[in-house]
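Worksheet: one structure, shown below.
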Amino acid sequence: MIVDPVVYFFGFGLIAGLLRADLRLPGPIYDALSFLLLLSIGLKGGVELARHGSIDLLLQSVSVIAMGVALPLLAFPLLLRLGRLRREDAASIAAHYGSVSVGTFAVALSWLASRDIPHEAYLALFVVLLEVPAIVVGILLARGHRTGLDWRELGRELFLGRSVLLLAGGLVIGAAAGAEALAPLEPVFVDAFKGVLALFLLEMGLIAAARLGPLRQHGLFLVAFAVFWPLFAGAIGTLLGLGLGLSPGGAAILGVLAASASYIAAPAAMRIAVPAANPSLSLAASLGITFPFNMLFGIPAFVALAHFLGGASP
Amino acid sequence: MIVDPVVYFFGFGLIAGLLRADLRLPGPIYDALSFLLLLSIGLKGGVELARHGSIDLLLQSVSVIAMGVALPLLAFPLLLRLGRLRREDAASIAAHYGSVSVGTFAVALSWLASRDIPHEAYLALFVVLLEVPAIVVGILLARGHRTGLDWRELGRELFLGRSVLLLAGGLVIGAAAGAEALAPLEPVFVDAFKGVLALFLLEMGLIAAARLGPLRQHGLFLVAFAVFWPLFAGAIGTLLGLGLGLSPGGAAILGVLAASASYIAAPAAMRIAVPAANPSLSLAASLGITFPFNMLFGIPAFVALAHFLGGASP
Amino acid sequence: MIVDPVVYFFGFGLIAGLLRADLRLPGPIYDALSFLLLLSIGLKGGVELARHGSIDLLLQSVSVIAMGVALPLLAFPLLLRLGRLRREDAASIAAHYGSVSVGTFAVALSWLASRDIPHEAYLALFVVLLEVPAIVVGILLARGHRTGLDWRELGRELFLGRSVLLLAGGLVIGAAAGAEALAPLEPVFVDAFKGVLALFLLEMGLIAAARLGPLRQHGLFLVAFAVFWPLFAGAIGTLLGLGLGLSPGGAAILGVLAASASYIAAPAAMRIAVPAANPSLSLAASLGITFPFNMLFGIPAFVALAHFLGGASP
Amino acid sequence: MTTTHPRCLLTIVCEALIAGRIEADLARLGAPGWTGTAVQGRGDHGRREAHWENDGNVRIEVVCSRELAERIADHLHARYYADYAMVCWLSAVEVLRPEKF
Amino acid sequence: MTTTHPRCLLTIVCEALIAGRIEADLARLGAPGWTGTAVQGRGDHGRREAHWENDGNVRIEVVCSRELAERIADHLHARYYADYAMVCWLSAVEVLRPEKF
Amino acid sequence: MTTTHPRCLLTIVCEALIAGRIEADLARLGAPGWTGTAVQGRGDHGRREAHWENDGNVRIEVVCSRELAERIADHLHARYYADYAMVCWLSAVEVLRPEKF
Ligand SMILES: Nc1ncnc2c1ncn2[C@@H]1O[C@H](COP(=O)(O)O)[C@@H](O)[C@H]1O
Ligand SMILES: Nc1ncnc2c1ncn2[C@@H]1O[C@H](COP(=O)(O)O)[C@@H](O)[C@H]1O
Ligand SMILES: Nc1ncnc2c1ncn2[C@@H]1O[C@H](COP(=O)(O)O)[C@@H](O)[C@H]1O
Ligand code: NA
Ligand code: NA
Ligand code: NA
């Protein structure tokens, strides 16, 4: 198993962060990198969506959303009982893990591309579909029947959040314009993708390093959850993908999405809707452990699983 | 008529802005994008200038500057009498519309390129020549004989402003270095152009959305002016271009420049020299209406006009 | 002798700066450009290091470090006696000139590349090795036996500083991943290199312009030092390179490194460790004079010298 | 001599994430205006930096009457202190245009 | 106990576009120094953000004698209040080095 | 009426390069917290801008007891004034939660 070189950048950032070296890119640059990644992923997905979209897609979409609702419902009791976490923290972590990480998705795309493993390129759609439902479930789990939450405000925050909007906007523009018209935009949105991803991961490494602290205080359970839950959820996602008729590569990507944990949209939403939840717990797990774990082990594992069950060898 | 995909990005930004979604790129990124656009346009223009510059250019330049002086003189009485605007506002809007929009120019270049319509590539020179004269005319119209304006300070602001300087610097470097020496810089200044333009337009859409508000308050006249004046001025520019011996593509570009309205240099200069003018009026018209109008209708209209009058079909 | 077009960008920035035009890229963009340059240089060096690294390298590295220690020891008495500078200032300037400028190195790489002059591409390693020793020497020269300096803190500052870390990180990743795996990252880290360098130099021109002021006050000696010392040190470096068995191109690069003066790492370190030194003196010399001097005259001079002594004509 | 009028300056430092809500609160409570700055800091909730999205602080200044400043401070106290990183303080200032604040 | 000396802190918030002119005014009027921050805000001229060129605010602080602070404030009042988004306020501060301010 | 408690606001403006050291000093001297802003300015050491690395200023605010504020100011005076661009000033503020500052 050869490591994708973009992962080295994450490792570099992580080490620099642990040495407390000041390697941070300025905030605006980090913003621009993630902006570009989201839009690039959306555009590419949109082009493919227009090309290969079919009636199957509706069923697939509904199933994927159902998975986004089901996974946090499964994770919550685990975190509450086994982990003995407070209700708010359990709900918040369930929301993070039910939602998705675009960075992990991007690394998975890059991994498949560098090995020429075919996959449905419209899967960016599933990222959009998976981002929000788990967060809503998490909020409901945390707050129960309590009133006072401004759902309208929260809805704006969720559906008009950066990542949903950039992915969705990219999908629509990609589908509307088509591959040929977008060709002159490729130097920025396609050719630069992997370089931009490398810089983004360097930064993520630095951020992850700063997040590892709280893990020491919160014992083994969280670490174990951050490793084993992704394996479980990823297997579910892969199986669902194969069941929905995706290619092994596509099914593995759905597995990666299921296994990945949000570290941008979910933290912001939970901080607003469930302020009593401790944001360092969920971020330490999702960013400090699950993100690198998936990059190194999760992605190849789900690809192997999908090929084992789905036929063609990797 | 197929829409250039970069226009979709403007539309996306506009919609996101109207939904009040937070999709803004950080200020420094927006600055960098416009910096890159201006420099790229200048460099390309400079290379062509050195290649095809001729004695004709002098006559052309003088005529173009004359147009830059004449147009605001025509627009001013219209705005004052027909529009019943205050003297300062009429003068300020005349200055905005007499000056030019580099964003519109860039979209026009991209439009011609994607249709393989030939055009004189040194037209970036005209952008430089057209930017300042109308602003000076506007200031004189607003202030009449009143004294107290620090013209030296204002001259610095105008001639050493970002857009004039970057375009002019690019022209000089492009002309001095030549195409071959600049080849290794192309990935950043040429290949990335359309992607950078797309991101820039996304941002412009967001800004335009925030500017539409004042239009509601200021009635129909401003909206009508923002649509019909560009058609009139653009026709004048196209005719002048044909008269000066430009190719139909080049004449259309001069039309686009005449039709376009400044939204960076003019607002800053008028705010300093004519602070009594209401900046939201002129920006609402130029950015909220004329900019998208030219992108969608102006550019194809002037190209069609130039080809109709100038020979070869588009 | 044809000027590399990237140098025009420096000239453009310099002129704009002297006209006090506001052409500054926002700070975050400048940071991102230098971040990208450092990482690109490191990556490329690392790939070559893994390819051509040999036992010779150890001897070369030790010799290069020795040069980094020796040069400030030579410069210091010159500055102190001949220049009649205060002890702290003499030590600080010696540290600046003993250390290296990555911008100058990048221009030299670009110069050789555009003339197809072969050179050892792993020379980025020497940049890392040369950055720190002269600074340590300078601090010792300035402070003598005085105590009270927090060397641990300073060590962090020096060895975990941005430029050392990014170059070193790039070297390691480049060596670990290899050319093939890094190919998809080339649009950002290789193809964009010269365009990024051009933008960086534009900015450097602006910064250099702001640094020229203090020279007027500090007389001719500093100007003379900033011109003649690089010629001397560059000759030493070139000779050393040839002596170590480098190709003429590679020896010239080592000459450029010896001739170049630090304007990022050294100023920061000296400000912290030797606050009594006047930072404008050293920056005026290194940035205002030596940097452009090397770009225009130093690089071609050392290349000519290396070829004259080392064989093959340029 | 210039005539000045006493007013109160309320300074709020809090998580950037709730800046929008505080802005809305200020409008509702009748603040005549405010000025906001992106800042970082350290307090009981640890070190807060602006590098990573959501993680920065903002510093909001409101010049207004003493009564309004206290009303706003009380509201913030009741609504946000328990859940969010936030501090605020009051101080005496003088303004030239009393009708504006 | 530390000996401190009373001085005046003048805080100005205005359109970034005129920051350069105010900087020149401060030098001409003899301000011993100033500190400037990029800010956003809301006032009678509506919401002002730093995203779009020209549209941001700056916040300028000057520590100086009471007399000078009033002189600067009066000058700003006369010269800019009518045309530009701007507010300013004064407050009492103490400094350690009286000769510096 | 809201009960407020008097405290002292210490404002420090200095070279960004030494911000990290001042942050450490504040922790050691027992400051309950601080808020930092990237600023530019002009003083006896000339114009300082944030464009070029190392060249910007920071503005650090500490709300604390009068005694601690003076102790910090004295420490800064002794340690940094000679070598670095730096000013600081004190002012009186009121807080709602006395136990926090
Ligand atoms: N004593 C203090 N002086 C100035 N700013 C403070 C102080 N304590 C806290 N802050 C600021 O208020 C924010 C929130 O404080 P806290 O809720 O205590 O974490 C911190 O991140 C600081 O920016
Ligand atoms: N009451 C206030 N308190 C604090 N800042 C204010 C206040 N009113 C206005 N400002 C600031 O001053 C700027 C100009 O105010 P105005 O001229 O009222 O639009 C605003 O954009 C705010 O940043
Ligand atoms: N009178 C003043 N009022 C406000 N800020 C000042 C003043 N003097 C100096 N400063 C700030 O403190 C920094 C260092 O001052 P100095 O050591 O005098 O150069 C300057 O760059 C300004 O940001
Ligand atoms: Na997930
Ligand atoms: Na025009
Ligand atoms: Na050197």
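What follows is calculated from the coordinates using simple rules that are stated; it is not laboratory data. Given the structure is predicted, the values throughout are model-derived calculations rather than measurements. Cβ: placed from backbone, ideal geometry, glycine included. Neighbour counts: every protein chain shown.
Brief remarks on what is shown
- Max mean-square fluctuation residue, GNM over chain B, Cα-Cα springs under 10 Å, options B:G237, B:G13, B:G213: B:G213
- Cβ-placed point charges (K, R +1; D, E -1), dipole of the range E:5-100 about Cα centre in debye, nearest 20: 200 debye
- Residue among B:A66, B:A301, B:A183 with the largest mean-square fluctuation in a Gaussian network model of chain B, springs linking Cα atoms under 10 Å: B:A183
- Peptide B:199-211, shielding by other chains (average Cβ, 10 Å cutoff): 2
- 0 to 90° range, to nearest 10: angle between helix D:66-80 axis and chain D longest Cα axis: 10 degrees
- In this Cβ point-charge picture (+1 for Lys and Arg, -1 for Asp and Glu), the protein assembly as shown has a dipole of about 2060 debye about its Cα centre.
- Kyte-Doolittle at least -1.0, axis length at least 24 Å by Cα - qualifying DSSP helices, chain B: B:27-52, B:56-77, B:162-182, B:193-211, B:219-243
- Anisotropy class of chain B from Cα gyration tensor, a/c 1.5 cut: rounded
- Cross-link reach list, lysines versus A:K44, counting only Cα pairs under 22 Å and skipping chain neighbours closer than eight places: A:K194, B:K194
- Global geometry of the range F:5-100, whether rounded, prolate or oblate, following the gyration tensor of its Cα atoms and the 1.5 cut on a/c: prolate
- Percent of Cα-Cα distances greater than 27 Å, calculated over the range C:175-302: 34 percent
- The range F:5-100, relative contact order [Cα under 8 Å, separation at least 6], %: 47 percent
- Peptide-level mean, for D:70-81, of C-beta atoms on other protein chains within 10 Å: 2
- In the range C:128-213, the trypsin sites (Lys or Arg not before Pro) that fall in loop regions by DSSP, at most 13 other Cβ within 10 Å: C:R146
- Unit charges at the beta carbon, dipole of the range E:52-101: most positive-side option, E:L96, E:V62, E:Y81: E:L96
- Anisotropy class of the protein assembly as shown from Cα gyration tensor, a/c 1.5 cut: rounded
- Of the trypsin sites (Lys or Arg not before Pro) in the range B:1-64, the ones in a loop by DSSP (not H, G, I, E or B) with at most 16 other beta carbons within 10 Å are B:R20.
- Normalised by the number of residues in chain A, the mean separation of alpha-carbon contacts (under 8 Å, six or more apart) gives a relative contact order of 31 percent.
- Simple spin-label estimate for E:H75 and C:L59 in nanometres, 7 Å along Cα-Cβ: 6.9 nm
- Take each residue in B:245-257, count the other chain C-beta atoms within 10 Å of its C-beta, and the mean is 0.
- Gaussian network model of chain B, Cα within-10 Å springs - most flexible of B:G219, B:G174, B:G205: B:G219
- The simple spin-label model puts a point 7 Å past each Cα toward its Cβ; for A:R156 and F:A24 those points are separated by 4.5 nm.
- Rounded to the nearest 10 degrees, the angle from helix E:19-29 to the longest Cα principal axis of chain E is 30 degrees.
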